[in-house]
Amino acid sequence: MTEGLVVRSTGSWYEVQIQDGTIFKCRIRGKFRLQGMKLTNPVAVGDQVDIEIEDDEEQTATISKIHPRLNYVVRQSPRQKHFLHLLASNIDQAILIITMIKPRFKLGFIDRFLLMTEPYHIPVHILFNKSDLYKSEDFEMFEMLKDIYGGIGYNVNLLSAQEDEDLSVIKAILKDKVSMIAGQSGVGKSTLINKILPELDLKTAEVSDKSEKGQHTTTFAHLFNLDFGGQIIDTPGIKNLSFNNFEVMDVAHNFREFFEYSTGCKYQDCSHRNEPKCAVKDAVDSGEISIFRYQNYVQILEEVEDQNYWERHSM
């Protein structure tokens, strides 16, 4: 039995790096579950695993055991709505790349992403990229969002992947950490990583001027070592985020400032919508909680409730 680190997932195969640096192409043995949930990929990039080597020359092996995870990031599978997809595990922080333009910023996307990281209290850095393309209204929107998310404890930065000074800021954030890099298709993830690790020469694609939609250039999650210390896990571009694995109270508990104010609600299971004496709604009315966040919250709750009961309970 040999221990290794999963550095790449290709769907049916996993690449596992052992201590001497050798990478083995691995399949899995048996069925692995995550708290009883159905997964499209039971092994995540970032997992520590045990492998049984089958062929030293061909560098093939079988994954026989997954070590306990410190944390993980999971999302609803975009192709199989009854399943979940593991994005990464054992990370120190998540780096969410956003842009106000090309592709146009999706209202609510940040809050949906944070619902994936908040259950494990994973620190998140929200980086607004392509600032060299912004107009005055884009900068105004950025300042509003920085006030909202910075005010509740998230790190928010404005940058352009074209600026060396901005790259120094990013490198300082990444140094000596295991960081998951995520974002919508077209926000500049691959361009940013190419600036940090030029030897990779990751494929990039232009955003359509007509649709302002990005194209997927990263197909599978992949872990890379940073020469200045730390590791990054590059993940495929995200188009939409849904939550078949959540109930109403899961959403309520993972909007961090809502959870703090909820101790003042009359009802312990308050969903912060129509209940009387709701401390969260009072905080929204007084401006202590962002109406922007609250509107996103209500929309997500409605989507969770609208999912068929069987769909949400057949995991």
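The values are calculated or read from the model by the stated rules, or taken from the named source; none is laboratory data. The shown structure was predicted, so the numbers you read here are calculated from the model rather than taken from an experiment. Here the Cβ positions follow ideal geometry from the backbone for every residue, glycine too, while neighbour counts run over all protein chains shown.
Quick notes on this structure:
- Against the test of being farther than 24 Å from residue 296 by Cα and either at pLDDT 90 or above or in a helix (DSSP H, G or I) (or both), the options 170, 181 yield a single qualifying residue, 170.
- Helices (runs of 4 or more DSSP H) enclosed by the range 226-315 - at least 2 residues per element that are within 30 Å of residue 82 (Cα to Cα): 248-253, 256-261, 291-306, 309-313
- Matching residues, the range 135-159, being farther than 30 Å from residue 90 by Cβ, touching a strand residue (DSSP E or B) at 6+ places or on another chain (Cβ under 7 Å) and among the hydroxyl-bearing types (Ser, Thr, Tyr): none
- Residue selected from the range 184-196 under the condition in a helix (DSSP H, G or I) and β-branched (Val, Ile, Thr), by the criterion nearest to residue 227 (Cα to Cα): 196
- Taking every residue in the range 138-165 that is closer than 14 Å to residue 125 by Cα and pairing it with any residue that is basic (Lys, Arg) and in a loop (DSSP other than H, G, I, E, B), at least 6 positions away or on another chain, the pairs with Cβ-Cβ distances below 9 Å are 159/130.
- Among the residues of the range 255-280, the one identified as touching a Ser or Thr at 6+ places or on another chain (Cβ under 9 Å) and among the polar types (S, T, N, Q) is 268.
- Of note, residue 7 does not satisfy the criterion of being touching a residue at least 40 places away in the same chain (Cβ under 8 Å), under 25 Å from the mean Cα position of the chain (by Cα) and not in a strand (DSSP E or B).
- Of all residues making up the range 43-83, the number that are buried (at least 19 other Cβ atoms within 10 Å of the Cβ) and at pLDDT below 90: 3
- Evaluating residue 295 against the criteria (1) farther than 25 Å from residue 185 by Cα; (2) surrounded by fewer than 20 Cβ atoms within 10 Å (Cβ to Cβ); (3) at pLDDT 95 or above leaves one unmet condition, (1).
- Within the range 31-52, residues that are at positive phi sit with their Cβ atoms under 7 Å from residues that are crowded, with 18+ Cβ neighbours inside 10 Å and at pLDDT 80 or above, at 6+ positions apart or across chains, in these pairs: 46/6; 46/88; 46/89; 46/90; 46/91; 46/178; 46/223; 46/233.
- Verdict on residue 45 being among the aliphatic types (A, V, I, L, M) and assigned to a strand (DSSP E or B): no
- Test: residue in the range 52-69 that is closer than 30 Å to residue 173 by Cα, among the hydrophobic types (A, V, I, L, M, F, W, C), assigned to a strand (DSSP E or B) and under 13 Å from the mean Cα position of the chain (by Cα): no
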